[in-house]
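Below is one structure, written out as structure tokens; comments come after it.
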Amino acid sequence: MVLFECQGNVDGILTGIYDAWASRLGHGNVGLRIPETGTMELFAEYRSVAPDPEKAEKVARTIRRRMGERAWQTLYQAALSSRRDRADRIYRVLVLALAPGIGADMAGRILDRLQDPDVAAVFEMSRNVGNEAHRYLGFVRFQELSGGILFSRIRPENQILPLLGDHFSNRFPRENFVIFDTGRRDALLHRAGGPWAVFEKAEMEELQPGRFSAGEEAFRKLWKGFCQSISISERENPRLQKQLWPLKYRKWMTEGEDFLSNHRTSSP
Amino acid sequence: MRIAKERDLYEKLQILSDAAKYDVACTSSGVDRRGSGQGMGNCAASGICHSFSADGRCISLLKILFTNECVFDCRYCVNRSSNDTPRASFTPEEVCTLTMEFYRRNYIEGLFLSSGILVSPSYTMELLYQTLYKLRREYRFEGYIHVKAIPGAPAELIERAGFLADRMSVNLELPTAEGLRRLAPHKSRKRILAPMRQIQLGHARNRQELSLYRSAPRFVPAGQSTQMIIGATPERDYQILSVAEALYRNFQLKRVFYSAFVKVNEDALLPALPGGPPLLREHRLYQADWLLRFYGFSAGELLNEKHPNFNVFLDPKCDWALSHLEQFPVEVNTADYYTLLRVPGIGPKSARRIVQARRLGSLDFPSLRKAGVVMKRAMYFITCRGRQLAPLKIEEDFILERLLCRSSRKSGEPVSYRQLSLFDAGQLLGPPPAELDQTGVTGGDGYGSF
Ligand code: SF4
């Protein structure tokens, strides 16, 4: 068994796929592994893969051409997952989809074959990532810094920043904004009128309260007040609220602080 | 006017959001619109929830009244003219500022603007129109706008507002004309249905225009909705659901919302409701409404004169399946899409996945789970390759008992009243099922290079 060790970002995974495939050792004799996780296996040879954007691009192009855009979106989202086996699972699905004799129409539909454990795993990861990104479309909160820049911090489970880029830059074309993934320390940056980009391991200074714009506090207060007054007390249901809006998101949200403390006082 | 002193923006927002909260429409769904690049905002067809209030409802829109001054005296309403309650009115600028600044911080998906009747319906509608005009044209807001059409306002004004909004709604208020006469003396069914019809026809006309000129201005692109109050008047569920069905059919409404009556006024004509607002009933109506819109059920299949109310213990679909056991079990590997949809525990998404997956080989029980089927409910109603997971005789009482046992395990918990509208459409990011790429070529040896 030869295990290709690749980095956990999309470029790293696609390069790993490229190298494992190109090794021609036989699909049954190779595996992919993301080294930051898991234990070492005995009796395996390790090959470390340096991410190579060109190789990654080739793999991406092949997937799009052979399997279609929808399949690409699914595989791409799966690669953004935080699950440890994502690289190898994606590799296995590609082995199925790109096998000889599989026509173009079938290649894309391989992803419908939930009977297959690798397809099911990829599907599940992709759905999980998509759901998390969808939640953050609503849960991201910006604060205005004194220079007018909008700044947001989040702590998602998966690498969702690339899935937020189109949405927010289309929504706020004339704003400068930053969304900072505090766990990975990746930053999504958008310049007014320009494109967006994700920078890995970005250095962000810790924010001091004094750096917010003059109007920021007033709007925070208006919003928090609104979130309280819009609730119907006769229907109050904190358990339902918690189920739909888990505590882990609230820490990073303007109005979440209030509900965090409410929560603490109401249930010991 | 009763505004004693100049209120600041915070106070106004408190009063006018508090006064708007009984309107249940919260969704921002139904229209996909990319931003033009010149302004601020876009719209996502699936709708986006931004927060959740303590009552567990989704917060998606800045939901406010323009004013809670009102010359009408609807008995169920907190803003009725005879109530002594603090009053306030926004200016159009204030509404624009709040919307823009909240939107910029990603607090909201857009604006929901309703209003009490200040001076007259026309006067009020004119104010709403002015506000939307300013927001769209001066502030270049391109996010979601839901606005009320005020019955009794001139058709032309409603039409113009409709070209600025994404969704319009006229509240039916109460399920029957009789109820309306009793509780809302200034309103009439006829006056409510008139703007509803106008919006429907305007929408249809606009679709035709759009098919000819793609860049024609869009009229209420997310369609219209309405809401009725449940439990303020004595209608049965069957009546209510039939009204909803007729609204979907005859007025092409996008959504009918149901609002469990919250008793805010002491009034001899209002019911006592000692148990609080009828939340479970509201929940059942939402479930049934879902069945009307996405599962091909009709109101008459779910309820009838002899059985006019929903089962408190069972959701309407399970209830229906149990009284139609002769149609079960169905074989998941062969049953058509619509038959699958009628199985408890199978929804549109999982039914679609089943149909797609079985083209590539027959399905077993684990793969059904992966397709999203809720097996604890479905297992009584399906076979898979001829086998049934609950290999026991299918009998109404037996299944009923089992289904109830399952839920009573968690009987300490309140039933989830979550509005089904939260996840209106697919949550998976990315393009909806598109045509597959047909241009690929097959590699030679399984090692076709990248
Ligand atoms: S018209 Fe009736 S329902 Fe509307 S605000 Fe006035 S009193 Fe309330």
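The values are calculated or read from the model by the stated rules, or taken from the named source; none is laboratory data. Everything numeric in this text was worked out from a predicted model, so none of it was measured. Note that each Cβ is placed from the backbone with ideal geometry, even for glycine, and that neighbours are counted across all protein chains shown. Ligands, DNA and RNA are stripped out before the accessible areas are found, and what is left, the full protein with its side chains, is counted by its heavy atoms. Shrake-Rupley method; radii C 1.70, N 1.55, O 1.52, S 1.80 Å.
Structure notes:
- Cα-projected label distance for residue A:192 with residue B:188, points at 7 Å along beta-carbon direction, nm: 5.5 nm
- Amide H within-cut-off set for residue B:52, under 5 Å, with H built and near neighbours excluded: B:59
- Vicinal HN-Hα couplings computed from phi for segment B:98-108 (Karplus, 6.51 cos²θ - 1.76 cosθ + 1.60; Hz; Gly/Pro x): 4, 4, 5, 6, 5, 5, 4, 8, 6, 6, 9
- Of the trypsin sites (Lys or Arg not before Pro) found in segment B:128-222, the ones in coil according to DSSP and having at most 13 other Cβ atoms within 10 Å of their Cβ are B:214.
- Measuring between alpha carbons in the structure, the pairs from B:134/B:254; B:134/B:349; A:242/B:306; A:248/B:376 lying more than 31 angstrom apart are B:134/B:349; A:242/B:306.
- Flagged links, alpha-carbon separation over 23 Å, of A:58/B:370; A:201/A:224; A:221/B:21; B:190/B:263: A:58/B:370; A:201/A:224; B:190/B:263
- Reciprocal of mean inverse Cα separation for segment B:6-115 (Kirkwood radius, Å): 15.1 Å
- Using the Cα coordinates of segment A:132-203, the gyration tensor eigenvalues translate into equivalent-ellipsoid semi-axes of 17, 13, 12 Å, sorted from longest to shortest.
- Entry comment: accessible area of segment A:5-129 is 42 Å² per residue, from protein heavy atoms only and a probe of 1.4 Å.
- Structural descriptor for chain B: relative contact order 12 percent, calculated from alpha carbon pairs under 8 angstrom and at least 6 residues apart.
- GNM top mover of B:306, B:63, B:349 - chain B, alpha-carbon springs below 10 Å: B:306
- Bins of 10 Å, starting at 0 and running to the largest distance - Cα pair percent for segment B:253-316: 18, 42, 29, 10, 0
- Among B:122, B:225, B:362: highest mean-square fluctuation, GNM of chain B, C-alpha pairs under 10 Å: B:362
- Loop-located trypsin sites (Lys or Arg not before Pro) across segment A:5-100 with a Cβ neighbour count of 16 or fewer within 10 Å are A:24, A:84, with loop assigned by DSSP.
- Cα coordinate range in segment A:2-132, projected on the principal axes (Å, largest first): 38, 34, 30
- Over chain A, the ratio between the Cα radius of gyration and 2.2 N^0.38 Å evaluates to 1.19.
- Complex-versus-alone comparison for segment B:74-106, residues with a loss of 50 Å² or more in accessible area, probe 1.4 Å: B:102, B:104, B:105, B:106
- Pairwise burial B:A, computed as accessible area of each alone minus the pair, summed, 1.4 Å, Å²: 8000 Å²
- Using alpha carbons only, the radius of gyration of chain B set against its Kirkwood radius gives Rg/Rh = 1.01.
- Ordering A:81, A:154, A:243 by the projection of their Cα atoms onto the charge dipole of chain A, which places +1 on the Cβ of Lys and Arg and -1 on the Cβ of Asp and Glu, puts A:243 at the extreme positive end.
- By accessible area, using a 1.4 Å probe on protein heavy atoms only, segment A:2-132 has 49% of its surface on carbon and sulfur.
- Between A:99, A:117, A:44, the Cα set farthest toward the positive side of the dipole of segment A:2-132 (charges on each charged residue's Cβ, about the Cα centre) is that of A:99.
- Only helices enter this figure: runs of n ≥ 4 DSSP H residues, each worth -39500 (n - 2.57), summed and divided by the residues of the protein assembly as shown, yield -12000 deg cm²/dmol at 222 nm to the nearest 500.
- Largest mean-square fluctuation among B:176, B:339, B:124, in a Gaussian network model of chain B whose springs join Cα atoms under 10 Å apart, belongs to B:339.
- By the rule of a C-alpha distance below 13 Å, with chain neighbours fewer than 8 residues away ignored, the aspartates and glutamates paired with residue B:63 are B:18, B:23, B:109.
- Convex hull (Cα only) mean projected area of segment A:194-256, reported in nm² to one decimal: 7.2 nm²
- Cα-based Rg of the protein assembly as shown normalised by 2.2 N^0.38 Å, two decimals: 1.02
- Using R0 = 41 Å, the C-beta based FRET efficiency linking residue B:339 and residue B:239 works out to 0.90.
- Largest first, the residues B:317, A:242, A:248 sort by 1.4 Å accessible area into A:248, A:242, B:317.
- Percentage of interatomic Cα-Cα distances in segment B:9-277 larger than 34 Å: 14 percent
- DSSP loop GluC sites (Glu not before Pro) with at most 13 other Cβ within 10 Å excluded, longest remaining stretch of chain B: B:7-265
- Cut-off 19 Å (backbone N to label point 7 Å along Cα→Cβ of residue B:6), residues of segment B:71-99: B:87-98
- The Kirkwood hydrodynamic radius of segment A:138-263, based on inverse pair distances between different Cα atoms, is 15.9 Å.
- Percent of Cα pairs in segment B:69-111 per distance bin of 5 Å, from zero to the largest separation: 5, 21, 17, 12, 13, 17, 12, 3.
- Chain A: relative contact order as a whole-number percent, Cα under 8 Å and 6+ apart: 13 percent
- Reducing segment B:150-172 and segment B:189-235 to their Cα centroids gives an inter-centroid distance of 8 Å.
- For segment B:61-119 versus segment A:92-138, the inter-centroid distance based on Cα atoms is 46 Å.
- 0 to 90° range, to nearest 10: angle between helix A:117-139 axis and chain A longest Cα axis: 20 degrees
- 4 °C / 1.567 mPa s Stokes-Einstein diffusion coefficient of segment B:130-248, Kirkwood radius on C-alpha pairs, µm²/s: 83 µm²/s
- Dipole moment magnitude, nearest 20 debye, chain B about Cα centre, only Lys, Arg, Asp, Glu C-beta charged: 380 debye
- For chain B, the longest principal axis of the C-alpha atoms and the axis of helix B:237-251 are separated by about 80°.
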